[in-house]
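A quick write-up on the structure given underneath.
Read-outs: derived from the displayed coordinates by stated rules, not from any lab. Just so it is clear, the model here is predicted, and its values are computed rather than measured. Cβ placement follows ideal geometry from the backbone for every residue including glycine, while neighbour counts extend to all protein chains displayed.
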Amino acid sequence: MKLLITGSNGFVAGSVITHAQDHWEVHGIARSALPVDHGNVHYHLLDLLDSEKLTELFHKIKPDVVIHAAAIANIDFCEKNKSIAEEINVGVTKTIAQLCKEADIKMIHCSTDTVFDGTKGFYTEADFTNPINYYAETKVRSEQIVLSSAAKNIVARLALVMGLLSREKGNSFLFDLIEKLKNNEQVKFAENEIRTPIDVITLGASLVELADNNFAGIIHLAGNTRIDRFNMAKQIAVDMKFPAELIISTNSNSIPDRAPRPNDASMDNSKAKQILKTPMRSLHEGLALIMNRKKENSL
Ligand SMILES: NC(=O)c1ccc[n+]([C@@H]2O[C@H](COP(=O)([O-])OP(=O)(O)OC[C@H]3O[C@@H](n4cnc5c(N)ncnc54)[C@H](OP(=O)(O)O)[C@@H]3O)[C@@H](O)[C@H]2O)c1
């Protein structure tokens, strides 16, 4: 079975590839600095905006499943660069959904907890979306495209993802936090933003499991701990033996020049617990898993 993953140099895709490589022939698409092919993993250099080359690649690989993890995931960048965010987060998703539909390929699309406005919290898959920034708007529209394109498609809404990077680049708050704490720098975290963080290892395993089962529709991939970002960062600092005083509380909605964030975007993971064999984990369990994996890899 062949798995095609977009955004293969990214944070989430790195973990998907690690989990998939023993059971799938994996094809990763990245637009810069390709890693060397290894075992069952093959990389392809491509800007996803080049739909002609993307179509050619689809026809050449003939994947059984596509996990679409590429996106512009920086919320403030999307707010200031709406046309780029639109082209990549919506336009590219549309192209991929069409290619999947034509060849009857199952598509798993990575979306986000920020599709919600954050006024309710502990959102289920049945709750209405109401985006409050442009990134979230693009994600809501891309979700609709994927779900209306084929009945077997999946929209996986990811909570805040916690983990280390398997490549040198990527969207990891934990990596940035540890770098600052190592330098004894103070770090500000929003106390108004409540989330249900998921570790990237559990997330990668869950996405690969979804590639291989019969689930279709929307699923929330979130951890078991509902916590604000400030207290989350404090717990991480304590668990990692850094001084907790280095973590400073802030209100993200009072920072000028920043796109609005939902206050409480926590998600209910009951459906994931019901559907998946991969266990959803608490903040402590997820962090322990990440640090143990790091130790094993450095041995
Ligand atoms: N990390 C989180 O906490 C989180 C939470 C909720 C949802 N998500 C969603 O999960 C998915 C994966 O996020 P992530 O954290 O892994 O983000 P990431 O580390 O920024 O990875 C995204 C990847 O997409 C690639 N990409 C963007 N535009 C491209 C294009 N035109 N052609 C080819 N590749 C392109 C980027 O390549 P370049 O490096 O070359 O730009 C990057 O490697 C995204 O859909 C994101 O919205 C993430």
key: Neighbour-count ranking [beta-carbon atoms within 10 angstrom, fewest first] of His19, His27   = His19, His27
remark   = Proxy exposure order for Met1, Met267 (fewest C-beta within 10 Å first) is Met1, Met267
key: Computed label-point distance, nm, for sites Val36 and Asn74 using a 7 Å Cα→Cβ extension   = 3.1
note = For Ala151, placing the label point 7 angstrom along Cα-to-beta-carbon and taking region 104-120, residues whose amide nitrogen sits under 16 Å are 104-107
query = Scaled to the compact-protein estimate 2.2 N^0.38 Å, what is the alpha-carbon radius of gyration of the chain, rounded to two decimal places?
reply = 0.96
ask   = Taking neighbour counts of Cβ atoms within 10 Å as a proxy for exposure, in what order, fewest first, do Arg195, Arg31 appear?
value = Arg31, Arg195
key: Modelled FRET efficiency - R0 51 Å, Asp50 with Asn231, Cβ distances, 0.05 increments   = 0.70
ask   = So if we plug the beta-carbon distance of Lys94 and Asn251 into 1/(1 + (r/R0)^6) with R0 = 25 Å, what FRET efficiency do we get, rounded to 0.05?
value = 0.10
inquiry  = Less than 23 Å apart at the alpha-carbon level, and either on another chain or at least 8 residues along: which lysines does that give for Lys60?
reply    = Lys2, Lys94, Lys101, Lys106, Lys152
